[in-house]
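Enquirer: Have a look at the structure that comes next, please.
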Amino acid sequence: MIRLPNILTLIMFALLFSCSRENIVFETTHLKVGIDNKGMITSLRGIANNVEYHAKGQKTPLLALYKDSVYYSPVSASYDVEKQELLLSYQNGSVAVVKLENKNDYLRLEVISVEPRNGIEAVVWGPYSTTIDEKIGETVCVVRNSEFAIGMQGLNIKTIEGLPHANNSGGYVIEPLPGQQVPDSIRNLTGTKLNIDVNKEGDIPAYVRLYRGAAAIKTSFGSELRLFSRDYRIPRIISVWEGPEHYKQYVEPIDVDFTGSAIALFGCPEPETLDHIEKIVLGEGLPYPKLDGVWIKRSEIPGQAYLLNEGDPYKSMEYAKECGFKLIHIGDFFQSWGHFGLKTGRFPNGADDIRAATGAARKAGISLGVHTLTMFTSPNDPYISPIPSDSLCKTGSTLLTRDLGINDTEIFIEDPIFFHYPGITHTIKIGKELINYRKVSDEEPWRLLDCRRGQYGTTQAAVTAGTVIDKLTNNVYSGFYPDIHLQQDYARRLAEVCNETGIDLMDFDGYPHAAASPTGHEQYAAGLFIEEWYNNLDRYRLTCGAGTFHYYWHIYSFMNWGEPWYSALRESQVNYRIENQRYFDRNLMPGMLGWFALHPEFRPEELEWIQARSAGFDAGYLLRVDERIEASGYRDQLFELIREWQKARHARAFSTDQIERMKDPKNEFHLSKIADNQWQLNQINLFRGFEHKYREVQTGEPVKTNFTFVNPYGDQPAKFYVSAIPVDGNKTASVSNLTISFNNYQFITIDETLKAGDCLVFDGKSMFLCDIFWKPRKEIKHSELPTFSKGENNVEVTGAFSGAQAPVLKFEFKVVGEPEMVGNF
């Protein structure tokens, strides 16, 4: 039953909602929301287009309650117009009071109370079911199609993404895009999650999608929006993962309840999505960081390419200027993680030296940034050694069942549940002593076996039965974590580092910003950390990290995943990098391609492969450059190519067709500057994988190898590269009398003996003998200028090998397409 206020109030509220026995209807600027008398959302209708976006047949509770893996939907609802409060009754006897206000552009909902609790552990906003299935923003909590967007925004750090029973970190899913082939063996497993470690496997299959959260998920009927809030006063034991080591963790209770959990629910035309989020952010006091007076979500700075140089910061500024970069990541400058001291080899005077470097960079229009593993705690940090903090993160605790002597190596414990999984360091804490153990005994009485006492510089001590034993939580670098209380000291210290050094980027690597906080308090703990850091800054800093979550979306500047360490340039995590661009797009984030390393042996083709992907996806990247680049024969050309490609990208100079071709990692291009804001683009084909190598032949018979490739473009001067690769490390064996014939009528004879590390380059006019980094040693004269014909080309190579350990000659042939004009012509 809806209580009616006086007539004037009713007239006023009639502009905001209408009601009947069956429904309460709220109208925002663009969305009409219907709620029935059971507290279920029955309609999410676009006002201008009159399209119903609520998924037919799906139960959508305005607010669900959760206890012991059971979700309770409301069974009745009544709205107090005067108080703007919705009373929801549940089958378990609980009654929730939800403040429901129409803010014109969105509905604001807040949990005022749930009484009696009856053991309720969490409240769930929804899940809210929609028919929209095109772009599912799993972090930003917005779903979109080409016409309309529907979204939720959590209005405080206690309102987090996902569902309370679930793993809310997302994951890899078999979900092929149109035209992608799936192996027959898994063709019937579409929609199944996969366990992939991209850093071990080097990439993901092209038919796999990666979802990085659960604020919104794709469903068979469209999508769901899902936020919830937990009563953290209730202690829990969680399964971090199952398996032989059954990793369990105790989550300590803290004084944080779901009362006050709040959301904003909105709908709008798709092009206005960011505008509506901005209105919510400003209206509700969410973080609203700016750079140069521009909201970070509209700034073009986060999507720019930038440099990594962990050496001399002043040398890195020279490289940044030549590349046209405005940001330099200078790596890690901490003595240890935890206390984050600053006096290191590069910066012997600590903050003073760093501040001098950031000041010099700023004068040059360049920002400096730093890397940290956030809540990772180094074993040599004072929080660990020689006296460990009592606020280190614990997997769990138990009691000693027998006295422990100062030199005993077997420890008797009451309950082994938290000790079966030993972590990386197998470390326990008893008082102020850290001890490593090999394993838990297989039978009672439960014992920790083969213990090593007084680890990490701590002092051995005798203790009595009944003393508490803590199992410490490890990070993946054989270190430790702070608990949810100590982590706030880390956050304040890292803000202090920003303030006292003047750095402009904090790269929060590690795991505190993923769905599974090391403390077990989910994204609430991660939000608590990042909010503390943000609130203690003297000004906003660019920030990125290893993981994302819903609240952090408001604070971070960009994310940048994809690393070059796992394979060759065109192979290291390529599908993974491209999949990340889909994530960025559906979550209203700037595109970033990840990290790349500029090696001195790179030629322009390698560097331009990166640039073409950057232009195609309108995505920045990190480029690792160090002083080794000085050895490159192409050094200046490489830096010029970076500048011009990024200028053309930021000028939006490329056509739609060019951009689509650049998204395909198999396509390669060359860009050359004609004048300011004018360029020439050529698509190129680089035929690789050809080898001329030693094999046994008859006496006097030359070793002959034939290569064939198809030139899709017109007749043109031949261009090719040859690299002499060592066999079994032999650097003295050689290849001589090298002859290359083209289509059986043009010949080049090379009168140079080639040893491992030697390279040849023929640019269509001249040939040079180069070192391994393509720096020319001498020009090789030749009588003919060979050509590649349109269509099939045959190349025959002969040469004399000094023996079985003579180098392998790797050939690459290059053909160039017709010029395409780019820019203002």
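The values are calculated or read from the model by the stated rules, or taken from the named source; none is laboratory data. Computed from a prediction, not measured in an experiment: that's the story for all the values here. In this analysis, Cβ positions are derived from the backbone assuming ideal geometry, glycine residues included, and neighbour counts consider all displayed protein chains. With ligands, DNA and RNA removed, areas are computed over all heavy atoms of the protein, side chains included. Shrake-Rupley method; radii C 1.70, N 1.55, O 1.52, S 1.80 Å.
Enquirer: Quick one: grab the alpha carbon gyration tensor of the stretch 378-512, order the square roots of its eigenvalues as a ≥ b ≥ c, and give me rounded if a/c is under 1.5, else prolate or oblate depending on whether a/b is larger than b/c.
Expert: Judged from the Cα gyration tensor, the stretch 378-512 comes out prolate (a/c at least 1.5, a/b above b/c).
Enquirer: For the chain, compute Rg over Rh where Rg is the Cα radius of gyration and Rh is the Kirkwood radius from the inverse mean 1/r over Cα pairs.
Expert: 1.03
Enquirer: Taking 20 °C and 1.002 mPa s as the conditions, I'd like the Stokes-Einstein D for the stretch 318-406 in µm²/s, using the Kirkwood hydrodynamic radius from alpha carbon pairs.
Expert: Diffusion coefficient, whole number: 132 µm²/s.
Enquirer: First compute the accessible area of the chain with a 1.4 Å probe, then give the percent of it belonging to carbon and sulfur atoms.
Expert: 49 percent
Enquirer: Ok, one more. By DSSP, what percent of the beta bridges with both residues in the chain are antiparallel, rounded to the nearest 5?
Expert: 90 percent
Enquirer: Would you mind calculating the gained length between residue 696 and residue 147 on full extension (0.36 nm times residue separation, minus the Cα-Cα distance), in nm to one decimal?
Expert: The span from residue 696 to residue 147 would gain 190.9 nm if fully extended.
Enquirer: Next up: When the solvent-accessible surface of protein heavy atoms is calculated with a 1.4 angstrom probe, in what order do 329, 599 fall, highest first?
Expert: 599, 329
Enquirer: Can you compute the helix-only [θ] at 222 nm over the chain? Use -39500 (n - 2.57) per DSSP H run of at least 4 residues, normalise by all residues, nearest 500 deg cm²/dmol.
Expert: Mean residue ellipticity, 222 nm, calculated: -4500 deg cm²/dmol.
Enquirer: Also: What is the Cα coordinate range of the stretch 698-751 on the first, second and third principal axes, sorted by size from largest, in whole angstrom?
Expert: 41, 26, 20
Enquirer: To the nearest 20 debye, what charge dipole does the stretch 293-391 have about its Cα centre, counting +1 at the Cβ of each Lys and Arg and -1 at the Cβ of each Asp and Glu?
Expert: 440 debye
Enquirer: For the stretch 610-619, in order, what is each residue's ³J(HN,Hα) by Karplus, 6.51 cos²θ - 1.76 cosθ + 1.60 with θ = phi - 60°, in whole Hz (x at glycine and Pro)?
Expert: Running phi through 6.51 cos²θ - 1.76 cosθ + 1.60 with θ = phi - 60° gives 5, 5, 5, 5, 4, 5, x, 9, 6, 10 Hz.
Enquirer: Using 7 Å Cα-to-Cβ label points, what is the residue 282/residue 462 separation (nm, one decimal)?
Expert: 7.1 nm
Enquirer: Placing +1 on the Cβ of each Lys and Arg and -1 on the Cβ of each Asp and Glu in the chain, which of 50, 285, 466 has its Cα farthest towards the positive end of the resulting dipole?
Expert: My answer, from the dipole projection, is 50.
Enquirer: Taking the Cα-to-Cβ direction at residue 789 and at residue 442 and moving 7 Å from each Cα, how far apart do the two end points lie in nm?
Expert: Calculated label separation equals 7.4 nm.
Enquirer: Further question: Give me the accessible area of residue 316, 1.4 Å probe, in Å² rounded to the nearest 10.
Expert: 0 Å²
Enquirer: Residue-wise, which Karplus ³J(HN,Hα) couplings in Hz belong to the stretch 517-532, taking 6.51 cos²θ - 1.76 cosθ + 1.60, θ = phi - 60°, and x for glycine or proline?
Expert: Calculated HN-Hα couplings, in order: 4, x, 7, x, 8, 6, 6, 4, 5, 5, x, 4, 5, 5, 5, 5 Hz.
Enquirer: Hey, another quick one. Under a Cβ-only charge scheme (Lys and Arg +1, Asp and Glu -1), can you give me the dipole magnitude of the chain about the Cα centre, in debye to the nearest 20?
Expert: So the magnitude is around 560 debye.
Enquirer: Related question: Based on the alpha-carbon gyration tensor of the stretch 53-137 and its eigenvalue square roots a ≥ b ≥ c, which shape applies: rounded if a/c is under 1.5, prolate if not and a/b is larger than b/c, or oblate?
Expert: oblate
Enquirer: With a 10 Å radius around each residue's Cβ, average the other Cβ atoms per peptide and rank 768-774, 467-473, 156-162, highest first.
Expert: 156-162, 467-473, 768-774
Enquirer: For the chain, report the accessible area per residue in Å² (1.4 Å probe, heavy atoms, rounded to an integer).
Expert: On a per-residue basis, 41 Å².
Enquirer: How much accessible surface does residue 617 have with a 1.4 Å probe, in Å² rounded to 10?
Expert: Roll a 1.4 Å probe over it and residue 617 shows about 40 Å².
Enquirer: Within the stretch 647-689, list the residues whose amide N lies under 19 Å from a label point set 7 Å along Cα→Cβ of residue 636.
Expert: Label zone hits: 671-676.
Enquirer: Follow-up question, since we're still on this one. How would 317, 821 rank on accessible area, largest to smallest, probe 1.4 Å?
Expert: Correct descending sequence by accessible area is 821, 317.
Enquirer: Right, here's the next one. Please report how many Lys pairs in the stretch 675-817 have alpha carbons closer than 13 angstrom, counting only residues at least 8 apart along the chain or sitting on separate chains.
Expert: Going through the stretch 675-817 pair by pair, I get 9.
Enquirer: Choose one of 417, 589, 446: the residue whose Cα lies farthest towards the positive end of the charge dipole of the chain (beta-carbon charges +1 Lys, Arg; -1 Asp, Glu; about the Cα centre).
Expert: Toward the positive end, the furthest listed residue is 589.
Enquirer: Okay, moving on. Taking K and R as +1 and D and E as -1, what net charge do the other residues with C-beta under 11 Å from the C-beta of residue 801 add up to?
Expert: Around residue 801, the charge tally is +1.
Enquirer: Run the numbers for residue 744 and residue 362: contour at 0.36 nm per residue of separation, minus the present Cα-Cα distance, in nm.
Expert: Answer, rounded to one decimal: 131.5 nm.
Enquirer: Using a 1.4 Å probe and counting only protein heavy atoms, arrange 298, 144, 652 so the residue with the most accessible area comes first.
Expert: Ranked list, largest accessible area first: 652, 298, 144.
Enquirer: Something else: Using 0.36 nm per residue, how much length does the chain from residue 538 to residue 399 gain when fully extended, once their Cα-Cα distance is taken away?
Expert: Between residue 538 and residue 399, full extension yields an extra 45.5 nm.
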